[in-house]
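*Asks:* Please read through the structure below; I'll follow up with questions.
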Amino acid sequence: MSNSASPRPMRAHTVTAWDLVADVVVVGYGVAGVCAAIEAAQGGADVLVLERAGGWGGAAAQSGGFIYLGGGTALQKALGFDDDPQNMERFMLAALGPGADQAKIHEYCQGSVAHFDWLVAQGVPFKEEFCGEPGWEPPHDEGLMYSGGENAAPFNTIATPAPRGHRPRIQRTADKAGGYMLMKPLADSTEKLGVRAEYDIRLQRLIVDDTDRVVGVVAKRYGRRVTIRADRGVVLATGSFAYNRTMVVNAAPRLLGRPAAAIEEHDGIGIRVAQSIGADTAHMDAAEVAFLGDPQIFVRGIVVNELGQRFIAEDTYPGRIGQAVLNQQDNRAFVIIDGEQLEAAEATETSSPLLRRSPDWVAESIVELEKDMGLPTQSLQSTIATYNMHAMTGSDLLLGKKSEWVRPISAPLAAFDMCGRTAGFTLGGLRTDLDSRVLHVDGNPIPGLYAAGRVTSGICAGGYASGCSLGDGSFFGRRAGHAAAIQP
C-alpha cells in the first residue's frame, strides 16, 4: 500500500506553529531507527522517534534476527573461528555485488568487531554455540551460523570461510524470534536514555528552510496534520519500498507479487520524500530473493532449470540460489533428489517443517522422471550421468559443491517443482555517505537529512547474505544518529 499524499517538501516559513520539537527526529522505530536514537541521545541530543505502527520493532522484530558481523568477533573467537576484517571484506566484495559500495563495505568490516561489542553492551544476548548444518536458521538458540555461502563455491576459494551470521539468543518460553531479542534491549536502551516516541503517526513530507536545509517533517495522525521541528537533523529509517507497487514496477519488476521479509509499512515513503528535494538513489533494481524450499534437500540433491541443467552449487546460501532462479532462470527451477537422501534430509533438525511438502513427481527411473516432468529428452539423463560420474570420486567438478554433500543420485527419485517459489524484498534506496548523510544528485550531502537501513542503498547491491539488513541498518543507523547529534 503506497502513501497517496504528495511528497513535495513544505517551506518552514509557512509553518504557523510546531506541534512537536526535538534536536533529532528519527522516522521509523526498527533497527536502524533505534540505533540512530541511541547514538543521538548518547551524543547529548533531545531525540524524538516517529513510528507509524502502534509500537517499536518494524520488520526487524519480525525477522529471524541474523546480524552479519565478523572480522574476529568475541563470539567467533569463543567458538574457534579465525577471521579478520580483510578476510571479511574479500568475501563481502565478492558476494554482495556487482556494484557494491566498496567504501561502505570497508568501513563496515573494519568496525564490525566494535559493533558486535556495542550490541552486547546494549544487552543483546548471544549464545556461544555454532550451528553447522544447512538451513535458513539454527534449529535452537545457537548464536553463530554460516549465513551467506562463505564456505561454498566460489567464495570458499576467494576468502577463508568463516561463519558470520550472529543471531541473538531466543527466548523459547516466550515464543520470541531472534529479531525481537535484538530489538527489545535496544528499545530498552532508548527508554533509559529518555528518548521520546510518538506512535501511529505517518511521515508525509519534509520541511526545508529557505537555504534548503531539512528542518523538520510533516506527518499525519488519525487524519490530522502534525508538524515536527528538528533543530539538528532528521534521520529517515522508514524501510524499503517492497510494498509500493508503483515503485516496484518501475525499479524491480521481477519482484511483483512476491514481497517477503518486509512489512506493509515498507511503502517507500522515505525514499520519495527525499527524492522530492533532489536526493540520489542507487541499485533500485536490486533485491534479495528467498528460494522457498528446504536447504537440507537442496544440498543432498541437484537444482536444475527447465532444460534439465544444473546452474549453481546447491550447498550455497539459499538466497543466492533464489536470486539465480529469479534473475537468470526466469523464475523456473526444479529440485531432484533420490529417496534415500530425501529421507535423510527430512530427518535433520534444521529441516524446516514449514517449508516441507510432498514431492511433485516420483519415479522409478531417471528416464521416467524426465518424461513426467516434461523436460527435453536426454537432458536430465545427461545431467545426472555427469553428476554421478564425478560423484563416484566425491567431487563436483562442474560447480564445486563440497564433497560432503556429493553422492550419486539413484532410483527411486523425487522432484520438486520450484517454479515461482521465490519471494524477495528490495535492496536499493537513497544514496548515503559513510556518515549516513543523504546525498543530493549533485553528489553533495543534503543539509539536515540522514538515512539508514533499507530506505538506503547500503552494503548490498546485487548480492546478499542473511544478516546484512540488520547489520547494515544498525551500523549505519548509529552513524546517522551520531552525525545528526553533533550538528550545531
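Read the figures in this text as sums done on the coordinates, not as results from a lab. The structure displayed is predicted, hence computed values, not measured ones. As a convention, Cβ positions derive from the backbone with ideal geometry for all residues, glycine included, and neighbour counts pool all protein chains shown.
*Asks:* Name the residues whose placed amide hydrogens come within less than 5 Å of the amide hydrogen of SER457, ignoring near sequence neighbours (fewer than 5 apart) on the same chain.
*Replies:* ALA282, GLY429, LEU430, ARG431, THR432
*Asks:* A follow-up question, please. May I ask you to order 264-273, 91-100 by the average number of other C-beta atoms within 10 Å around their residues, highest value first? Let's see the in-between values first.
*Replies:* Numbers: 264-273: 24.5, 91-100: 20.0.
Descending mean neighbour count gives 264-273, 91-100.
*Asks:* Spelling out what I want: for every residue of segment 252-257, take phi, set θ = phi - 60°, compute 6.51 cos²θ - 1.76 cosθ + 1.60 (Karplus), and round to whole Hz; glycine and proline get x.
*Replies:* For segment 252-257, the Karplus curve yields 9, x, 5, 7, 3, x Hz.
*Asks:* Something else about it: Quick one: length gained pulling ASP231 to THR393 fully straight, 0.36 nm per residue minus the C-alpha distance? The partial results should precede the final answer.
*Replies:* On the way: separation 162, 0.36 × 162 = 58.32 nm, distance 6.76 nm.
Here the segment from ASP231 to THR393 would lengthen by 51.6 nm.
*Asks:* A further question on this structure: Looking at segment 219-294, which chymotrypsin sites (Phe, Trp or Tyr not before Pro) are in a loop (DSSP not H, G, I, E or B) and have at most 10 other Cβ atoms within 10 Å? Please report the intermediate quantities before stating the final value.
*Replies:* On the way: sites: TYR222, PHE241, TYR243, PHE291; in loops: TYR222, PHE241, TYR243.
Of the chymotrypsin sites (Phe, Trp or Tyr not before Pro), the ones in loops of segment 219-294 whose Cβ has at most 10 other Cβ atoms within 10 Å are TYR222.
*Asks:* Also, I was wondering about something else. How high is the relative contact order of the chain, given as a whole-number percent (alpha carbon pairs under 8 Å, six or more residues apart)? Spell out each step's value before the answer.
*Replies:* On the way: 1222 pairs, mean separation 120.4, N = 488.
Computed value for the chain: 25 percent relative contact order.
*Asks:* Using only Cα atoms and rounding to the nearest 10 degrees, what angle (0 to 90) does helix 112-121 make with the longest principal axis of the chain?
*Replies:* Once rounded, the angle reads 70 degrees.
*Asks:* Moving on. By the scheme Lys and Arg +1, Asp and Glu -1, what is the net charge of all other residues having a beta-carbon under 12 Å from that of GLY72? Write out the running numbers ahead of the final one.
*Replies:* Numbers: positive: LYS77, ARG164; negative: ASP82, ASP83, ASP84, ASP117.
Residues near GLY72 contribute -2 overall.
*Asks:* Hand me the GluC sites (Glu not before Pro) from segment 116-182 located in a DSSP loop with no more than 10 other Cβ atoms within 10 Å, in residue order please. Write down the numbers at each step before the final one.
*Replies:* On the way: sites: GLU128, GLU129, GLU142, GLU150; in loops: GLU128, GLU129, GLU142, GLU150.
Taking segment 116-182 and a limit of 10 other Cβ atoms within 10 Å, no loop GluC sites (Glu not before Pro) are found.
*Asks:* While we're looking at this one, here's another question. What is the distance in Å between the Cα centres of segment 227-290 and segment 340-400?
*Replies:* Here the two parts' Cα centres lie 39 Å apart.
*Asks:* Oh, and also: With a ≥ b ≥ c the root eigenvalues of the C-alpha gyration tensor of segment 293-420, is it rounded (a/c under 1.5), prolate (a/b larger than b/c) or oblate?
*Replies:* Details: a/c = 1.13, a/b = 1.07, b/c = 1.05.
It comes out rounded by the Cα gyration axes.
*Asks:* Turning to a different aspect of this structure: What are the lysines whose alpha-carbon lies under 22 Å from the alpha-carbon of LYS77, with same-chain residues fewer than 8 places away excluded?
*Replies:* Partners found: LYS127.
*Asks:* Only Lys, Arg, Asp and Glu count, each charged at its Cβ (+1, +1, -1, -1), so figure out the dipole size of the chain about its Cα centre, rounded to 20 debye.
*Replies:* On the way: 44 positive and 56 negative charges, 319 e Å.
In debye, rounded to 20, the chain gives about 1540.
*Asks:* I would also like to ask the following. Among 15-28, 101-114, how do they line up by average Cβ neighbours within 10 Å per residue, starting with the highest?
*Replies:* Details: 15-28: 20.9, 101-114: 19.1.
Highest-to-lowest ranking by the protection proxy: 15-28, 101-114.
*Asks:* Among DSSP bridges having both ends in the chain, what percentage is antiparallel? Round to the nearest 5.
*Replies:* Values: 39 of 63 bridges.
Of those bridges, close to 60 percent are antiparallel.
*Asks:* From the phi of every residue in segment 279-284, what ³J(HN,Hα) in whole Hz does the Karplus formula 6.51 cos²θ - 1.76 cosθ + 1.60 yield, where θ is phi - 60° and glycine or proline is x?
*Replies:* 5, 8, 10, 8, 6, 5
*Asks:* What do you get for the angle between helix 379-391 and the principal long axis of the chain? Use alpha-carbon atoms, 0 to 90 degrees, nearest ten.
*Replies:* 90 degrees
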